[in-house]
Each structure stands twice: as C-alpha cells, then as structure tokens.
Amino acid sequence: MLNKYVIGIDVGGTHTRIGQISASGEVLKNQMLKTADYGNAATFLEHLIGVIKTMISDDMEGFLGIGMGAPSVNEQNQTITYAANLNWDGSLDIIQALSQAFLVPVKLTNDANLLVLAHQHFDDTLLSDFFVVTLGTGVGAGICCNGSLLKGKEGFAGELGHVIVNERGRACSCGRQGCLECYVSANGIIRTVISLIAQFNSYKGSLLDIPMADLNAKMITELALSGDEIAKRALTLTGQMLGQALANMVALFNPQLIYLAGGVTHAGELLLAPTRQFFHQHLLNVYPDIITIEKSKFDDHEGAILGASVLIWQLNEG
Ligand SMILES: [Zn+2]
C-alpha cells in the first residue's frame, strides 16, 4: 500500500523545523536545524535539502510535496521578501531550489498562517471564523474568515503585533512607537517587568537578583506562579493589553473563537484570566458573550509543521 506524505517546514529566525507528515496529521519523523548557524542562504539550503533527503529515504512514490512557512513571505511572488531575522538576501528562490532538487510541488506561506491551516485541516471543530494569535518573540495573527485564510494583497494581513496601541509608547523593532508587540510579546513582558521594578522601589523580591539581560518570559511566569508581585502584575497588564486588542479585532472580523499560541501562553491562567476579563469588558455589545479565548491545541512547533503540510494536502483535495 502506498502511504502518502508531505514534508512540512517551519523556517524561524532561531530554528528551522522539518517534519514528515502523514495524511492524518501524524508527525512521522522530525528534525531541527539551527537557522542562525548558517551564514548564508546557499549553505542553509544545502543542509535543508540534505535533511529532506534522509527523511524521505527512497520513498519518492508517496512524497506529495513540500509545504513551508517563513517570516515575511510575499504570497503573491512566493518569495521571502525581507526577514530581519534571517541572513537571506532577496535573490534566493527557495521554491525553485527545492522543486528542482525533489521534482515535487513546493508551496510557501507566512508563518503566522501555519496554525490557522493546522486548525482548518486537522481540527475536528471545523470553524468557519476564528483567529490564531501567536505570542512569542513576535506577535502575529492568522485569520480565518468565511472559511478562508485571510491573506491580503501581498500576504501580509494579520500583522496584529504592529498595530499601534500607544503612539508615545515603547520603541518597536519596526521603527515606530507603541506597537502591541512591544507590550505582549515575550520581550514586551520583560520590558513591563523592568518598568515595574523602577516604579516600585519598595519591591524586595527575587527579580532583583536576576541580571536584567538574563531575564526571560519563562522566568517571569515561574516567579508569578510562586507569588512574586511584580511578575504577577506584569502578566496581568499584558493580559489587559491583549484582551483589549482582541476585542478590537472582533469588531473587524466577527469570529466564533480566538486561539492563543506561542511561548507566552505557557503562563496559562495568569495571562488568560485578565485577557478574558478585559476582552469581555471591551467587546462591542452587538457580539455574543460566547466568543471564547482558548489556548490552541497544537503545540507551537508541531502545529507549525502540520500547518505547512496543509499547503500540499490542499492541492490534493477534490
Ligand atoms: Zn512595530
């Protein structure tokens, strides 16, 4: 019997994950490359091709194609336009390189879309209208509207992280000020903790023992769980900003449900409770209270390669 499979790839600034995915959404094999270890795109591609070759062994018959997610993908041209985190120049045609190496279809999408694709294809709930908001190093939203993934003209729809929430606010990596990402990303939470420490000089807790350069979102969550006042306050403030932003998004897209994903969501209820509270407080009253905010059932990394594989499963439907 012929077992069909797809190679799903998630190219990230730090890690690139590669998986062999079955039609039922099982990750049969997976591997990781450290994206940052490769000085240029050509060497990276060479290694990537090597990994795919070992993964498919000699089973070319079942191999349907390669689906891939990356930051800053221009959907129209199927190129990676400008990705600050990757040492790639614009001239690299990754699609052509991979299709020449394997003679199968290769499709590329923005990484913000991967979890929407995973939910659309591998989740039983079959919702027609939902978002997946990813909170990690960056903040992005994948939007499913009327049953379709919303892409926009160039494919850059859903840049929720760069919606300005405070015009005199924190400096953002995009060159502007006060973007949502400066508050609700992993780094945004660290910035909140640092400003809270400066405000409350009566604070004597463990955060003072950690060099600020070593501080990360995971430590803040652990301290909040152990009762640290500043860590708890930082997560509450983060949830409040996020809840308000999600209420604004509902006014634009009228979803049934909102999923949250990414490392920051490991804070669990410490983040989700204030997010839900502020969300419902700011929700326009024409929307039903039943719109819920849930953690995505897909693990960030596995969900991304599953979603990437959907680009190829979709080609083979119908
Ligand atoms: Zn920005």
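Values computed for the structure shown
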read-out: Sorted by Cβ neighbour density within 10 Å, fewest at the top, the residues 168, 17; value: 168, 17
read-out: Ellipticity estimate at 222 nm from DSSP helix runs (n ≥ 4, -39,500 (n - 2.57)) divided over the chain, nearest 500; value: -11500 deg cm²/dmol
read-out: Kyte-Doolittle at least -0.5, axis length at least 24 Å by Cα - qualifying DSSP helices, the chain; value: 229-253
read-out: Protection-proxy order for peptides 41-53, 174-186, each taking the mean of Cβ atoms within 10 Å per residue, highest first; value: 174-186, 41-53
read-out: Relative contact order for the stretch 249-318, counting Cα pairs under 8 Å that sit 6 or more residues apart, in percent; value: 45 percent
read-out: Binned Cα-Cα distance frequencies in the chain - 10 Å width, integer %; value: 6, 26, 32, 23, 11, 2, 0
read-out: The chain, dipole about Cα centre (Lys/Arg Cβ +1, Asp/Glu Cβ -1), debye to the nearest 20; value: 700 debye
read-out: Highest to lowest packing among 100-110, 301-311, scored as the average C-beta count within 10 Å; value: 301-311, 100-110
read-out: Rounded to 5, percent antiparallel among DSSP beta bridges of the chain; value: 60 percent
read-out: Stokes-Einstein translational diffusion, the stretch 44-193 - Kirkwood Rh over all Cα pairs, 1.002 mPa s, 20 °C, in µm²/s; value: 124 µm²/s
read-out: The chain: relative contact order in percent, alpha carbon pairs under 8 Å with at least 6 residues between; value: 20 percent
read-out: Share of alpha-carbon pairs per 10 Å distance bin for the stretch 125-296, given as whole %; value: 10, 38, 34, 14, 4, 0
read-out: The stretch 198-318 shape via C-alpha gyration tensor axes, a/c threshold 1.5; value: oblate
read-out: Cβ-placed point charges (K, R +1; D, E -1), dipole of the stretch 125-296 about Cα centre in debye, nearest 20; value: 260 debye
read-out: Listed residue (254, 165, 227) projecting farthest to the positive dipole end of the stretch 125-296, Cβ model; value: 165
read-out: Packing-based order for 158-165, 132-139, 24-31, using average beta carbon neighbours within 10 Å, highest first; value: 132-139, 158-165, 24-31
read-out: Largest-first principal axis extents, alpha carbons of the stretch 1-58, Å; value: 42, 21, 12
read-out: Computed over the stretch 125-296: relative contact order in percent, which uses C-alpha pairs under 8 Å that are six or more apart; value: 23 percent
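Here, each number is a calculation from the coordinates, and none is a lab measurement. In this text the structure is predicted, and so the values were computed from the model without any measurement. Cβ sites come from the backbone with ideal geometry, for glycine too, and all protein chains shown count toward neighbours.
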